[in-house]
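Right, one structure below, let's go through it.
All of the numbers you see were taken from the coordinates with simple rules; none came from a lab. Please read these numbers as outputs of a predicted model, since none were measured by experiment. FYI the Cβ positions are ideal-geometry reconstructions off the backbone, even for glycines, and counts take in every protein chain you see.
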Amino acid sequence: MGSFSWKELLAVARSLGAQSMANRATYPLHQRFYEAHYAPGATEPRSLLGTIKAMARRAESRPADEPLGDLVSYQVHGQAVDLLCTNGVLRLEPLASGLIRFRLRRAGAGDFPPVFSYALDPGSTWQPVPFELEEDHTSLTLSTHRLACRVDRSPCRLSFYDPQGRPLSEGGGLGFRGEGAYCIRKLVEAEALYGLGEKAFDLNLRGRALEMWNTDPQSYAPGVDPINLCIPTLVALRDGRAYGLFFDNPGRARFDLGQACPGQLRYEASSGELCAYFFAGPSIPDVLERYTQLTGRMALPPRWMLGYQQSRWSYHPERQVRTVAAEFRRRRIPCDAIHLDIHYMDGYRVFTWDARRFPDPPGLLADLRAQGFRTIAIIDPGVKADPGYQVHDEGLALDMFCKLPDSTPFQGPVWPGQCYFPDFTDPKVRAWWGNLYEPLLDAGVAGFWNDMNEPAIFGGIMPGTVCHAYEGRGATHGEIHNVYGLQMARASAEGLRRLRPGERVPLLVRAGYAGLQRFGLVWTADNLSTWAHLRLGISICLNLGLSGLPFCGPDIGGFAGDCDGELLVRWTQVGALTPFFRNHSAIGSRRQEPWAFGEPYESICRRWIELRYELLPYLYTAFWQAAQTGLPVMRPLSLAYPQDIRTYSLDDQYLLGDALLAAPVGQPGQRARQVYLPGGAWYDFWTGERLNGKAAARAPLERMPLYVRAGSVLPMGPVMQHTGQWPPETLKLHIYPGEGESWLHEDDGHSLAYRNGEFQLTRFNCETNGRGLAVRRQVEGPFDPGYAQFEIIVHGLEAVPRQILVDGHSAEGTFDGETRTLRLATGPWEQLECVC
Ligand code: MIG
């Protein structure tokens, strides 16, 4: 690559007047340099100066918008309506009554090819939906019974309306732009915008300009963009009504969400077709249900993956792994999984073990398993260029690696040194890669972790001219960069499913694209051990959930930098109520296991990890909902209270599942906070107090404010050391009087039998009336959850009930006047009444 220093490069860029480039962080400059360096046709690396000049020239010749023009005529081909415009064709296709696809093609570019996208779930099928076309002299309208799309004739613009004729999203221009395309939409004043994958910003992205280009920033400050996982999916909320927009393009793209012009959203793809999907609401769950029908849903993870997990870059050698595991059990801090980071490998060669550090992997993993620990191992995409190393030799011999235009396999430096990168857009490569997991599975590894799959390469990215098979279609890396990580995850997940049919083998992934939820869960990459990152992790996870990825979490305690006791406690409190709950930290940083800072921190962390285990039945049900309908596990308040505009930008509190509202503490020394309680009544989880509207919450170090929605039944289990101790003898049902419905899903927690009906679904109905409280329990499904007893705890009672009836028979309970709770034990029941 020649040698140059980044300071030199920046100086040259500045001297050439390429200010905007020089002013950006060095990382994008790295990328541009590498791309230019491997410009099409270049076989010899260009001189540094030549490269910089070319960059400067390109920066000056930015392509201009070429609008689609006026609507001239239209043609209907089955489910597609082609709108012939002056400069191109716009195709509208209603896929479902609340989902319309629109695509653009330049005039003279020939017919629309069949849609091809890795984002789409191959299992999703669309029955033709009835639609109507109406035209007048200014416009043409396509309507289904849930959504209407009006096309203005001059200039051609698209607007979407709900069945009542109220606007959801009105159009600005759209058209072509260089090799790519653009689309402009209007924004109304109080319109909130969410999604776009992993964005290091507050929840409401309105007013930001954001890039779609998966990038490893190595560690990111709040506001750095882009980072590791970009998903071009937006969820909008205005006047209580939601809609969604998914711009399906795997190359580089940019969203301006009202930054350049407050009333305008602009999407710009730098290459490829404009292919977009518009999702009708009216609610956010409606949008997500359709979006995940299109791009797929998460498979239910094994129950153990919901347990607490401990990681470190890296626990090694074997002795250290054993010590960490033993400490958890000795200190009685629950834990289900230990992660092995890159040092378990032999010189960072993927799919190998370091024989000195880990002389007997099956023995180690079996011993851990006997103590209730699963082991998760990391796998990176880079394969060390090292003759004699089997994966390398096979990969080269079988032609598995990405190539430069001159057909030589591309090499780039990562942890192992120079590496080759599998071309995961080729089915034969995916099949090969997937099978490489077999020896690790046989050794007892229970889950995997795909890192660096942007792909991250030291000092740059994969050059834009690298060639991909792209399922026989052929594409350059620049055109499809954002799906590299998705296809690596797919290769891994498909392999694991083949090798362990009928089991749920979890896959933790860093980068990807729309549809990644079909293959794995995600963590929010390399955060820092700071209070700002504790807060940021919440908004990132909320937006991931709104981008179709319900199973996510940040590194608890922070990855880079040194954590301290108070930060670890506050972060563990949040983590206990985050879908993925893993403490992970970087090499060189201070150790941050739950005991690392002594007392009182250790005891408080233990208590919160215990609470996580107590909440398992409730959490598992929230995961089941996500797997069924795409509803996130961790939800912004605006998802459930869209009529309440005060919730639109709220991200210092959130909902977990249907019943819980968490209000984290995000500042050092903070011991109280204000909480906003939307909708009806809530109960303080700690005191049982019934509240409405605003609450001033006490938050001593051991307490994070937590609330339960009135009308909920919260199913809880006992404290356990790991999920292998499930099921308990007694299930606790905490009842919070009010009106509402609650669910409990149960299955074996590890196999796919639930898909064939082997589950039990319980529905609770809570009612309060003049007589008091009535709760109904209805059970369906053949699965036996394994406990026969219930402990019922009714909260928030004013006095001892005059009568307690279980299935019409009078029952005994104990009332605690101080906590105002009633407790009673019972076998299976259908109807509970507390007559007051
Ligand atoms: O270049 O494997 O985000 O979780 O510990 C750093 C070492 C590579 C980045 C991951 C991080 C992991 C680390 N990896």
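Peptides 268-278, 511-521, ordered by how many other C-beta atoms sit within 10 Å of their residues on average, highest first, read 511-521, 268-278.
Let me see the P(r) profile for region 133-244: every Cα-Cα distance counted, bins of 5 Å, each bin given as a percent of all pairs. In whole percents, the pair-distance histogram is 2, 10, 17, 17, 17, 15, 10, 6, 3, 1, 0, 0. Work out the charge dipole of region 202-356 with +1 on the Cβ of Lys and Arg and -1 on the Cβ of Asp and Glu about the Cα centre, then indicate which of 277, 236, 258 is farthest towards its positive end. Most positive-ward Cα: 236. The charge dipole of region 587-671, taken about the Cα centre with unit charges on the Cβ atoms of Lys, Arg (+1) and Asp, Glu (-1), comes to about 140 debye, rounded to the nearest 20. Taking a ≥ b ≥ c as the square roots of the eigenvalues of the Cα gyration tensor of region 159-304, is the shape rounded (a/c under 1.5), prolate (a/b larger than b/c) or oblate? Cα axes put region 159-304 in the rounded bin.
Sort 379-389, 230-240, 722-732 by packing, meaning the average of other beta carbons within 10 Å per residue, with the highest value first.
Working: 379-389: 19.5, 230-240: 24.6, 722-732: 17.5.
Packing order, densest peptide first, comes out as 230-240, 379-389, 722-732.
Which percent of the Cα-Cα distances in region 223-305 go past 20 Å? I get 47 percent for the Cα pairs in region 223-305 exceeding 20 Å. Structural size metrics of region 234-372, computed from C-alpha coordinates, are Rg and Dmax of 23.7, 62 Å.
Kirkwood analysis of region 174-214, using all unique Cα-Cα pairs, places the hydrodynamic radius at 12.4 Å. Let's test this: bin the Cα-Cα distances of the chain at 10 Å from zero up to the farthest pair and state each bin's percent. Cα pair-distance distribution for the chain, in percent: 2, 13, 22, 25, 20, 12, 5, 1, 0. Just want the answer: with Cβ charges of +1 for Lys and Arg and -1 for Asp and Glu, which residue in 131, 317, 72 is farthest toward the dipole's positive end in the chain? Among 131, 317, 72, the one farthest towards the positive end of the dipole of the chain is 317. For the pair region 189-239 / region 277-304, the C-alpha centres are spaced 19 Å from each other. Annotation: amide H-H contacts under 5 Å for residue 95 (H modelled 1.01 Å from N, sequence separation of 5 or more, or interchain): 100, 101.
With a Cα cut-off of under 28 Å and a minimum spacing of 8 residues unless on different chains, the lysine pairs in the chain number 6. In units of the rule-of-thumb radius 2.2 N^0.38 Å, region 620-746 shows an alpha carbon radius of gyration of 1.11.
To the nearest 20 debye, what charge dipole does the chain have about its Cα centre, counting +1 at the Cβ of each Lys and Arg and -1 at the Cβ of each Asp and Glu?
Values: 83 positive and 92 negative charges, 265 e Å.
The calculation lands at about 1280 debye.
If you stretched the chain out fully between residue 752 and residue 802, how much longer would it get, using 0.36 nm times the residue separation minus the C-alpha to C-alpha distance? Show your work: numbers first, answer last.
Numbers: separation 50, 0.36 × 50 = 18.00 nm, distance 4.65 nm.
Extra length from residue 752 to residue 802 when fully extended: 13.4 nm.
If you wrap the Cα atoms of region 184-251 in a convex hull and average its projected area over all directions, you get 4.8 nm². In terms of packing, defined here as the mean over residues of other Cβ atoms within 10 angstrom, the peptides 311-323, 121-133, 616-628 line up highest first as 616-628, 311-323, 121-133. Each Lys and Arg adds +1 at its Cβ and each Asp and Glu adds -1 at its Cβ; summed about the Cα centre, region 169-293 shows a dipole of about 200 debye. With the convex hull drawn over the C-alpha atoms of region 591-687, the volume per residue is 150 Å³. Look at where the Cα atoms of region 70-94 and of region 801-836 average out, and the two centres are 65 Å apart. For region 297-383, the ratio of Cα radius of gyration to the globular rule of thumb 2.2 N^0.38 Å stands at 1.12. When the charge dipole of the chain is built from unit charges on Cβ atoms (+1 for Lys and Arg, -1 for Asp and Glu) and taken about the Cα centre, the candidate among 734, 522, 825 whose Cα reaches farthest toward its positive end is 522. Computed over region 705-836, the alpha-carbon pair-distance distribution with 10 angstrom bins reads 12, 41, 33, 12, 2, each value a whole percent.
Along its first, second and third principal axes, ordered by size, region 451-542 spans 47, 40, 22 Å in Cα coordinates. The distance linking region 101-121 with region 678-739 is 49 Å (Cα centroid to Cα centroid, whole angstrom).
Site pair residue 810 and residue 355 shows an inter-label distance of 7.8 nm when each label is modelled 7 Å from Cα along Cα→Cβ.
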